[in-house]
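Reading through the structure tokens given below for one structure.
Just so you know, all these numbers are worked out from the coordinates, no wet-lab data involved. Note that the structure is predicted; figures quoted are calculated from it, not measured. Here the Cβ positions follow ideal geometry from the backbone for every residue, glycine too, while neighbour counts run over all protein chains shown.
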Amino acid sequence: MADRHMFTWQQILPIAVVATSISFIAGCSMPVARSAGDKFTIPVNLLVRQQNRDPTTSQNTALIVQKPQAYQQVVARLAQAQKAQLLNFPLPSEFQGKTLKDIKFKSKNKKDKAIIKQPLLKPIALTFDDGPWEKSTSQVLDILKKNKIKATFFVVGRQVQMYPQLLKQIVADGHALGNHTWSHQYHMFSQSAAAREIDKTSELIYKTTGVKISLFRPPGGFLNNGLAAYAHQKKYAVVMWSADSLDWRYRQPSTLIDRVLREASEGGIVLMHDGGGDRAQTVKALPQVIAQLRKRGYKFVTVPELMEMEDRQLLANKN
């Protein structure tokens, strides 16, 4: 319970800081920023008196000046910091150093189990690997935003290095992040090499977004090449999948849609890709995947939200 209280204060504190900072900045701006919109006016006679010469125009004439960029930059940084803080969820202990492919909801209480089985409460998590990618990541983000869905992105370090702004956009849109190594290789790794692949990626993600990573997905789903072992040692949750779109193999969107629908399940984790090559078929299939899953009574959550739901249920069962 102490962890939950701490998490609550971690959420409240950045919100209070943002509110106080914005109020202070806005208060400082009020004496001069009187007009609506992104502009304010300064009377010509005031500017001229400061330059020790008489005004040549009416006192009602004004200069239109842009608001200081610093104001907008500070607000943006504070908002980004708050968003990152909200995404820094504490990984429940039952998932630390463990591997999972889905969440199996179990309840001792038949009444509770019946409630969980209601169609509108069937959670499923969409996940996207191998990004950020120059074109397709933005397209996927647009589709998710249009449908008001939060997903989980397992990102590759070298891609983050190439497209940091895309990673920032993923966080700004409220999606969860996971580590997918630095170079996305399948071969065997020594412990030191595995450490470089995983640590370097998590460090860059934190430096870019302020998000601390606790989820890891091994490239190709390989669990025995040294990467997953190091991730377990570092208390990451190693996240696999229960529904594979195989969008890296098939070029027909209809095939991807059929595979996801056939393998979808309550508490399931769907594997798709926003990077690693041409993902035009994924972009085409995604709206239909979303629509058809919703029609079947699924609601979309992030992997951390799935874990939190399971954690709450475990606590309820203990009580």
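Determine the alpha carbon to alpha carbon distance for each of LYS98/LYS318; LYS104/LYS212; LYS146/LYS318; LYS207/LYS234; LYS101/LYS200 and list only those over 28 Å.
LYS146/LYS318
For the residues VAL238, VAL74, what sequence is obtained by ranking on other C-beta atoms within 10 Å, fewest first?
Starting with the residue having the fewest Cβ neighbours, the order is VAL74, VAL238.
Return HIS175, HIS187 ranked ascending by Cβ neighbour count within 10 Å, so the fewest neighbours appear first.
In order of increasing Cβ crowding within 10 Å: HIS187, HIS175.
Using modelled backbone amide H atoms (1.01 Å from N, in-plane), which distant-in-sequence or interchain residues come within less than 5 Å of THR99's amide H?
Here the answer is VAL238, since their amide H atoms fall under 5 Å of that of THR99.
Non-local amide H neighbours of PHE153 (under 5 Å, H modeled in plane, Pro and chain starts lacking H): which ones?
Under 5 Å from the amide H of PHE153 lie the amide H atoms of PHE128, ALA176, LEU177, GLY178, each far enough along the sequence or on another chain.
Using θ = phi - 60° and the Karplus curve 6.51 cos²θ - 1.76 cosθ + 1.60, what whole-Hz ³J(HN,Hα) does each residue of the stretch 257-269 get, with Gly and Pro shown as x?
Values, residue by residue: 4, 4, 5, 4, 5, 5, 9, 5, 7, 4, x, x, 10 Hz.
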